[in-house]
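Colleague: The structure under discussion is supplied below as structure tokens; questions concerning it will follow.
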Amino acid sequence: MTAPAAIRFSSVTRRYGRRVVLDDISLELAPGARLGLIGPAAAGKSVICKLACGLEPVDGGTIDILGTRVTGRREAELGGLRRRIGMLFQNYALFDFLTVAENVAFPLEQRGELTAAEIAVRVTDRLRAVGLAGSEGKLTAELSGGMKKRVGIARATVIDAEFVIYDEPSAGLDPVTTQKIYDLLDADQQRTRATVLAVSSDVTALATFVDEIAFLYRGKIVYRGPAATIADAPDPLVRQFVRGDLEGPLDEKMAAT
Ligand SMILES: Nc1ncnc2c1ncn2[C@@H]1O[C@H](COP(=O)(O)OP(=O)(O)O)[C@@H](O)[C@H]1O
Ligand SMILES: [Mg+2]
């Protein structure tokens, strides 16, 4: 018997008002696979991330996460599943009334498996890994955007989740920090063998981390192929987007974003 997909979207549609953001999308990730997701601004990449951890309802289709059908379930039924997923939100979603250490400790405390002392060790280790040793007691309001991103990454990886979702892990970071972050995410995945869904506008750095890249455009996944050769993808839309060419089949409005 083959293992069930870590994540499966079947004909998923998501609308906001009259705008159809995701239009009949099907997407599957095998356990341990690493998929990058790219596309123009407002294409729906963050919506896919939220759906992939069961945080948004759908208007059509079904979603299975780690073998559990989440569509149609009530919020209260999804807590246990969410504790197996690590998520870095694009807007950080840190608790501003908690310290850095308390934010990172949060998912471990939710799981309730470790003692306070064990949690403290894990938290310190994660903060060191993201280059934030010594920032344990800071409040998130004191942090720069890049530091918040790294706290978010520490929090997303602290539980050794089976499935991790990184929404723009390198946005706003300089190129050296970006590569360090991807190296860290890579080392982490090698250790945990987690399934990865990663969204990034930095396609070159993303391609060093994931095996495959999918391109989201006008509500559809119009392409999915190997990350290493994404700049030479057979689809001219993808090539134009990745290379940043001004001329090509991309919507003018979208090429400009
Ligand atoms: N909760 C929401 N309510 C209304 N519109 C939303 C909501 N979340 C996302 N959208 C809309 O869906 C589209 C896709 O958003 P998003 O997934 O954030 O794009 P991106 O690909 O840049 O991550 C945008 O037009 C956005 O305004
Ligand atoms: Mg987004």
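Colleague: If r is the Cβ-Cβ distance from L114 to R243 and R0 is 35 Å, what FRET efficiency results, to the nearest 0.05?
Modeller: The formula returns an efficiency of 0.15 here.
Colleague: Per DSSP H run of at least 4 residues, take -39500 (n - 2.57); add these up for the chain, divide by its residues and hand me the 222 nm value, nearest 500 deg cm²/dmol.
Modeller: Dividing the helical sum by the residues of the chain leaves -9500 deg cm²/dmol.
Colleague: Beyond 19 Å, how much of the Cα-Cα pair distribution for the stretch 99-184 remains, as a whole percent?
Modeller: The share of Cα pairs beyond 19 Å in the stretch 99-184 comes to 35 percent.
Colleague: On to the next question. Can you tell me, using C-alpha contacts under 8 Å and at least 6 residues apart, the relative contact order of the chain as a whole percent?
Modeller: 24
Colleague: Which entries in K180/K220; K50/K148; K148/K180 show an alpha-carbon gap greater than 26 Å?
Modeller: Beyond 26 Å between Cα atoms: K180/K220.
Colleague: Let me ask you something else. List, in order, the whole-Hz ³J(HN,Hα) value for each residue of the stretch 140-156 obtained from phi through the Karplus relation with A = 6.51, B = -1.76, C = 1.60 and θ = phi - 60°; use x for Gly and Pro.
Modeller: Once rounded to whole Hz, the list reads 5, 5, 7, 9, 6, x, x, 5, 4, 4, 5, 5, x, 5, 4, 5, 5.
Colleague: Taking Rh as the Kirkwood radius computed over C-alpha pairs, what is the Stokes-Einstein D of the stretch 89-235 at 10 °C in a medium of viscosity 1.306 mPa s, expressed in µm² per second?
Modeller: It comes out at roughly 98 µm²/s.
Colleague: Here's something else I'd like to know. For the chain, what is one quarter of the convex hull surface built on the Cα atoms, given in nm²?
Modeller: Its average projected convex-hull area is 14.7 nm².
Colleague: While we're looking at this one, here's another question. Taking the Cα centre of each part, how many Å lie between the stretch 63-138 and the stretch 154-171?
Modeller: First find each Cα centre; the distance between them is then 9 Å.
Colleague: Tell me which GluC sites (Glu not before Pro) from the stretch 110-140 have a DSSP coil assignment and no more than 13 other beta carbons within 10 Å of their own.
Modeller: Here the sparse-neighbourhood loop sites are E113.
Colleague: With bins 5 Å wide starting at 0, give me the P(r) of the stretch 1-129 over every alpha carbon pair, in whole percents.
Modeller: Percent of Cα pairs in each bin: 2, 9, 16, 19, 18, 15, 12, 7, 3, 0, 0.
Colleague: Counting only C-alpha contacts under 8 Å and six or more residues apart, can you give the relative contact order of the stretch 1-136 as a whole percent?
Modeller: Relative contact order, the stretch 1-136: 20 percent.
Colleague: So, one more: So for the stretch 165-257, what are the equivalent ellipsoid semi-axes in whole Å, largest first, each being the square root of 5 times an eigenvalue of the Cα gyration tensor?
Modeller: 25, 15, 11
Colleague: Hey, which aspartates and glutamates would be in cross-link range of K138, C-alpha to C-alpha under 16 Å, not counting anything within fewer than 8 residues on its own chain?
Modeller: D96, E102
Quick note: the coordinates plus some simple rules give every number you see, no bench work behind them. The shown structure was predicted, so the numbers you read here are calculated from the model rather than taken from an experiment. Please note: Cβ atoms are built from the backbone with ideal geometry, for glycine as well, and neighbour counts cover all protein chains shown.
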